[in-house]
Every structure is written in C-alpha cells, then in structure tokens.
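These notes concern the structure reproduced below.
Since every read-out is calculated from the coordinates, none of them should be taken as a lab result. The structure presented is a predicted model; accordingly, all values stated were derived computationally and were not measured. Virtual Cβ from ideal backbone geometry, glycine too; neighbours counted across all protein chains shown.
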2 protein chains.
Amino acid sequence: MSHAGRLLDLIQVLRRHRHPVTGRALAAELGVSLRTLYRDIGALQAHGARIDGEPGIGYVLRPGFMLPPLMFSEEEIEALVLGSRWVADRGDSRLGVAARNALAKIAAVLPADLRDDLDASTLLVGPGQPIAAGDAELPTIRQAIRTERKLEIAYLDRYAVATRRVIWPFALAFFDRVRVVVAWCELRQSFRHFRTDRVVALAALPVRYPRRRQALAKEWRKVGDIPDP
Amino acid sequence: MSHAGRLLDLIQVLRRHRHPVTGRALAAELGVSLRTLYRDIGALQAHGARIDGEPGIGYVLRPGFMLPPLMFSEEEIEALVLGSRWVADRGDSRLGVAARNALAKIAAVLPADLRDDLDASTLLVGPGQPIAAGDAELPTIRQAIRTERKLEIAYLDRYAVATRRVIWPFALAFFDRVRVVVAWCELRQSFRHFRTDRVVALAALPVRYPRRRQALAKEWRKVGDIPDP
DNA sequence: CGACTACTGCCATAATTTGGCAGTATAGGT
DNA sequence: ACCTATACTGCCAAATTATGGCAGTAGTCG
C-alpha cells in the first residue's frame with residue numbers, strides 16, 4: 001500500500017471503529033510500523049481531520065468530522081455567496097481562499113437543486129479601491145489573535161516616525177481601504193489601532209498575553225475612541 | 001507539499017471548481033508537474049473518487065463524493081463570519097437577517113469548539129458610509145432576478161428626469177454607498193445600471209423575460225462599460 | 001507504583017515519487 | 001479535413017521522502 005492512499009484508508013478504518021482504537025491496532029491493520037502510523041495521524045490532523053488521541057486509551061474520530069447535509073433558503077445562500085465574494089475581494093488573499101473553500105464545502109453537502117443557486121447567485125460586490133498593502137503579515141496577525149500571542153512590531157506612525165513595540169492583538173478591522181489591528185500596546189499601556197500597511201516588520205512571540213482576548217475586546221468597546229499610535 | 005496531503009488538497013481544489021478545470025491548471029495550483037497530476041488523479045479514482053475527465057475539456061468532481069476532510073478550518077469559519085458581518089452591515093435588512101440565519105444554521109452543525117470560534121471571531125467590518133435608501137424595494141428586485149421576471153420601474157436619472165420603463169433585471173451590485181440593479185432596458189434596448197435609491201416606484205410584472213439570466217449576465221460582462229440610464 | 005499508550009526526535013536505508021519526453025486518443029472549432 | 005487543446009500511458013534516471021527502529025517523555029488507568 002502506497003503512502004498516498006493509506007491516509008484515505010486510515011480515515012475509513014477510523015470511521016468503522018466507534019470505540020477507541022490503539023495506534024498499534026491501526027498500524028497492524030494498515031500494515032505499517034507504529035512510528036509511521038503516528039506520522040500519518042499527524043498528517044491527517046494537519047489537514048483538518050479531527051482525531052482524538054488519548055494516552056492509555058487510543059484514537060477516536062471526533063464527531064463533527066463530516067458536515068451533515070445543510071439546508072438553506074435561497075436568500076440565505078445569496079447572503080453567504082455575497083459575503084464570501086466580499087471577503088475574497090477585500091480580505092487578504094489567504095482569507096479569500098478560505099472563503100472560497102468554505103463555500104465549496106457547503107456546496108458539497110447541499111442538495112443538488114440548492115447547489116445550483118450557488119453558481120447562479122447574481123449579487124455582486126462593487127469593485128473596491130485598491131487595498132493598501134500588508135497582505136503578507138495578515139495571516140500571522142490572525143494567527144496571533146487566535147492563539148492570544150504577543151506580537152513584536154516595527155511601526156511607522158502617520159508622521160513616518162518609527163517605533164518598535166510589543167502589542168497584544170485581539171481584533172482585526174477591515175475598512176474600505178485599510179486594515180487595522182486592534183491591540184493593547186505595552187509601550188503606551190493602552191489600546192491602540194495599527195494600520196497593517198504601516199507595520200514594517202513583525203515577529204510572533206512565543207508568549208501568550210496575560211488576558212483573555214474576549215475580555216480585551218469587551219473593555220476596548222467600552223473605552224470608545226482610541227488615539228492613533 | 002508532500003504526496004500524502006496533496007491528494008486531500010486535490011479533492012478540495014476540485015470541490016472548489018464547479019466547472020471543468022484543465023489538468024494543467026490543477027497541476028499549477030498544487031505545484032507539481034502535469035505528469036504527476038495525472039498520477040494523482042488516477043490514485044484518487046482508484047480510491048473511489050468519481051472524477052470526470054474529458055479530453056479537450058478538463059476535470060469535474062461528480063457531486064455526491066464526500067471524501068474527507070469535510071470540516072471547516074478556523075480560517076474558513078472566520079471568513080464566513082466576516083462575510084456575513086459585511087452583508088449584515090451593508091446589504092439590505094432582509095439580506096442581513098438571511099446572513100445571520102445562515103450562520104446560525106452552520107453553527108448548529110459545528111462541533112462545540114468550532115462553534116466557539118464562530119462567536120469569538122474578531123474580524124470586524126469597518127463602519128461604512130450610510131447607504132443610500134432603497135431598502136424596501138430590494139427584496140422585490142432580488143425576487144424578480146431569481147425568477148427572471150420583468151420589472152416596471154419609475155426612475156429618476158442623475159438629472160432628476162423621470163422615466164418609466166420595463167427592465168429585465170439579472171444582477172444586483174453592492175458598492176460602498178449605493179446599490180445598483182443591472183438589467184436589460186426595454187426602453188433603451190441595451191444594458192443599463194439603475195441605482196436603487198433612484199427607483200421611485202416599481203411593480204413586478206407577472207411576465208418572465210425571454211432570455212436566461214445567466215446568458216444576459218455573460219453577455220453583459222462582455223459588453224464592458226454601460227452608459228447610465 | 002506499574003502497565004499501557006500517545007507522541008517526538010534522530011538517522012541510515014530503502015523505497016517511492018517525480019518530472020521530462022515521446023507518443024496515442026478524443027473532443028470541439030474552423 | 002485539419003488544427004488545437006486536452007486527457008492519458010510507458011519508460012527511466014535522479015532525488016526526494018517515507019520508513020522503521022530506538023530511545024525518551026508524558027499522560028491515563030488501575
């Protein structure tokens with residue numbers, strides 16, 4: 001059995017077993033070594049498969065691995081398509097790909113007649129002003145937000161004055177022309193907004209910031225207007 | 001990209017393209033040679049994937065093939081949420097409700113941890129300029145587009161000159177401040193764009209227009225720039 | 001504590017994949 | 001009838017890569 005198809009087989013094997021299966025059993029069933037099995041499990045997880053592995057127990061395919069059939073009204077489909085088109089047009093490119101992928105996955109579980117509505121949707125997003133750069137950093141920033149990690153950035157303010165600071169990013173806002181990171185700034189000890197196209201360098205620190213993202217967001221909404229950095 | 005995951009990627013790429021894709025395009029997207037792509041397609045087919053390949057045309061994934069992983073990634077969920085937020089903010093109110101409902105339905109089938117991502121998503125849509133009115137007519141217009149019905153409208157052009165005409169609406173564009181119906185105008189016998197806030201009255205006629213919506217849209221894209229009504 | 005199991009790093013070896021080329025077949029357009 | 005675009009196959013040398021074994025860590029269960 002070649003490596004290629006083995007992953008697909010592994011999924012099927014996991015599906016068959018409702019109860020935890022040990023890695024050793026899986027390895028035997030697939031005819032590979034235990035070491036290789038661990039690698040395969042890792043590969044699947046990296047591709048979005050939701051597999052639980054517990055020491056002393058074994059592996060189980062978590063429920064929710066597959067999308068059940070979904071039903072939407074025509075209007076809801078149009079809303080999803082329009083939203084995804086906007087993201088594809090105005091978000092950064094990674095997010096745009098994600099939007100298209102999400103739509104494709106939804107299409108895969110839609111009844112045939114609704115699937116046609118997806119293509120047929122004639123709601124268009126008007127052409128936007130070109131978006132200021134900063135595309136490369138955005139995935140890193142989003143990742144930092146998701147994992148509540150500190151970011152160290154080199155930043156140019158509106159007068160082109162350079163500063164270097166550590167921030168706690170917790171939100172990302174998409175305006176018509178610019179994108180802005182909302183974060184707590186350790187340098188200024190307050191909430192600040194950073195235009196991503198003025199971030200000239202950034203590094204994700206392996207340090208989690210000490211407060212919950214949601215708490216920061218909530219407090220930020222209360223504070224109101226924020227001075228520029 | 002290693003061979004292993006590439007097959008899973010290939011499935012997702014195929015899912016994304018609903019129309020035939022050439023092998024060359026797929027190979028480019030995956031970053032492998034054409035020769036290798038043919039081998040990969042073969043490997044997938046050997047594992048039960050139903051992929052149609054026609055000489056001179058390209059490949060299409062036949063629907064009904066639910067090979068995993070078919071679950072949203074965090075990024076895809078963020079994209080869906082961001083898109084829906086934009087629709088809720090900039091679309092008309094009916095569409096906004098539809099966007100929220102669609103999201104709720106998606107949330108209902110998500111495993112618990114992913115559902116949290118949905119609520120916690122911290123991608124924000126910047127506040128937009130207030131959108132010119134015309135909210136009340138939009139659902140009617142969308143309905144007419146979906147069912148390919150003629151519309152009779154009373155319209156004010158940019159010099160406030162009133163006209164009354166019958167149009168064949170087939171698309172709706174959302175710009176930053178205005179919304180525009182794209183239609184064939186029986187009065188002018190050509191494609192026109194109508195700002196919805198300048199439509200002062202409209203009535204859906206019980207008559208289907210004689211051409212397919214998709215055909216109109218295709219031709220319209222070819223024509224290029226359209227004069228205002 | 002001990003048994004069992006998930007997981008990771010390292011490394012030499014072996015296997016597999018890869019890409020290029022040359023050639024065939026089929027569909028659609030002119 | 002011809003041309004282009006595409007799907008598809010065989011072959012082969014080169015090299016990427018997967019593999020398995022071992023050693024070690026960490027978590028769960030009893």
TODO: Name the most mobile residue of A:182, A:81, A:21, meaning the one with the largest mean-square fluctuation, in a Gaussian network model of chain A with Cα contacts below 10 Å.
DONE: A:21
- [ ] Grab the beta carbon distance between residue B:52 and residue A:154, set R0 = 56 Å, and tell me the FRET efficiency rounded to 0.05.
- [x] 0.65
- [ ] Quick one: net charge around residue A:213, please, counting Lys, Arg +1 and Asp, Glu -1 for every other residue with C-beta under 14 Å from its C-beta.
- [x] +2
Open item on the list: Can you tell me how region B:1-131 classifies by the Cα gyration tensor, rounded, prolate or oblate, using a/c under 1.5 as the rounded cut?
Closed with: prolate
- [ ] Could you tell me which of rounded, prolate or oblate describes the protein assembly as shown, using a ≥ b ≥ c as the square roots of the eigenvalues of the alpha-carbon gyration tensor, with rounded for a/c under 1.5 and, failing that, prolate when a/b is larger than b/c and oblate otherwise?
- [x] oblate
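Averaged over B:173-184, how many beta carbons belonging to a partner chain fall within 10 Å of each residue's beta carbon?
For this peptide, the per-residue mean of nearby foreign Cβ atoms is 3.
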- [ ] May I ask you to compute the full-extension gain from residue B:212 to residue B:143, defined as 0.36 nm times their residue separation minus their alpha-carbon distance, rounded to one decimal in nm?
- [x] 23.3 nm
- [ ] Name all residues of region B:184-203 having a backbone nitrogen under 20 Å from the label point set 7 Å from the Cα of residue B:93 along its Cα→Cβ direction, giving them as ranges.
- [x] B:196-202
Open item on the list: Cut-off is 10 Å between beta-carbons; in what order do B:65, A:174, B:72 appear when sorted fewest neighbours first?
Closed with: B:65, A:174, B:72
- [ ] For every other residue with a beta carbon closer than 11 angstrom to the beta carbon of residue A:197, add +1 if it is Lys or Arg and -1 if Asp or Glu, then tell me the sum.
- [x] +2
- [ ] Would you look at the GNM of chain A, springs on alpha carbons closer than 10 Å, and say which of A:16, A:146, A:94 moves the most?
- [x] A:16
Open item on the list: Could you work out how much longer the chain between residue A:74 and residue A:34 gets when fully extended? Use 0.36 nm per residue separation minus the Cα distance between them, nm to one decimal.
Closed with: 9.5 nm
Open item on the list: Just to be sure I understand the model, the point goes 7 Å from the Cα along the line to the Cβ. What's the resulting residue B:9 to residue A:45 distance in nm?
Closed with: 2.1 nm
TODO: Work through the residues other than residue B:123 whose Cβ is under 9 Å from its Cβ and net out their charges, Lys, Arg +1 and Asp, Glu -1.
DONE: +1
Open item on the list: Once the convex hull of the alpha carbons of region B:74-120 is built, what does its volume come to per residue, in cubic angstrom?
Closed with: 55 Å³
Open item on the list: Compute the distance from the alpha-carbon center of region B:27-92 to that of region B:118-170, in whole Å.
Closed with: 32 Å
TODO: Count the DSSP beta bridges whose two residues both fall in the protein assembly as shown, then state the antiparallel fraction as a percent rounded to the nearest 5.
DONE: 90 percent
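Let's see if you can work this out: charge +1 on each Lys and Arg Cβ, -1 on each Asp and Glu Cβ, no other charges. What is the dipole magnitude of region B:77-202 about its Cα centre, in debye to the nearest 20?
Values: 19 positive and 15 negative charges, 144 e Å.
Value, rounded to 20: 700 debye.
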Task: Separation of the residue A:223 and residue B:105 label points, Cα + 7 Å toward Cβ, nm - done: 4.0 nm
Task: Average other protein chain Cβ within 10 Å of Cβ, residues A:34-47 - done: 2
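As a test of the formula, what do you get for the protein assembly as shown when each DSSP H run with n ≥ 4 contributes -39,500 (n - 2.57) and the sum is divided by the residue count, at 222 nm and rounded to the nearest 500 deg cm²/dmol? Mind showing how you got there, number by number?
Details: 16 runs with 196 residues, N = 458.
Result for the protein assembly as shown, helices only: -13500 deg cm²/dmol.
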TODO: Once you've got the GNM for chain A with C-alpha springs shorter than 10 Å, pick whichever of A:160, A:46, A:102 has the biggest mean-square fluctuation.
DONE: A:46
TODO: Could you tell me which of the pairs A:105/B:150; B:150/B:222; A:150/B:105; A:105/A:218 are separated by over 27 angstrom between their Cα atoms in the structure shown?
DONE: A:105/B:150; A:150/B:105; A:105/A:218
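Could you work out the mean count of beta carbons from other protein chains within 10 Å of each residue's beta carbon in A:142-151?
Counting Cβ atoms of other protein chains within 10 Å of each residue's Cβ and averaging gives 2.
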- [ ] List the distances, in nm to one decimal, from the label point of residue B:24 to the label points of the same position in every other copy, shortest first, placing each label point 7 Å from Cα along the Cα-to-Cβ direction.
- [x] 5.4
TODO: Provide, in order from the shortest bin, the percent of all Cα-Cα pairs of region B:46-203 in each 5 Å bin, continuing until the bin that contains the maximum pair distance.
DONE: 2, 8, 13, 14, 12, 11, 12, 11, 9, 6, 3, 1, 0, 0
Task: Extension gain from residue B:129 to residue B:18, taking 0.36 nm per residue of separation minus the Cα-Cα distance - done: 36.4 nm
Open item on the list: Check which residues have an amide H placed less than 5 Å from residue A:200's amide H, if you skip close sequence neighbours.
Closed with: A:154, A:155, A:156
Open item on the list: Quick query: amide H of residue B:179 versus all other amide H atoms, modeled in the peptide plane; which residues come in under 5 Å with a sequence gap of 5 or more or a different chain?
Closed with: B:196, B:197
Task: q = 0.28 Å⁻¹, region A:141-192: log10 I(q)/I(0) [Debye, one scatterer per Cα] - done: -1.19
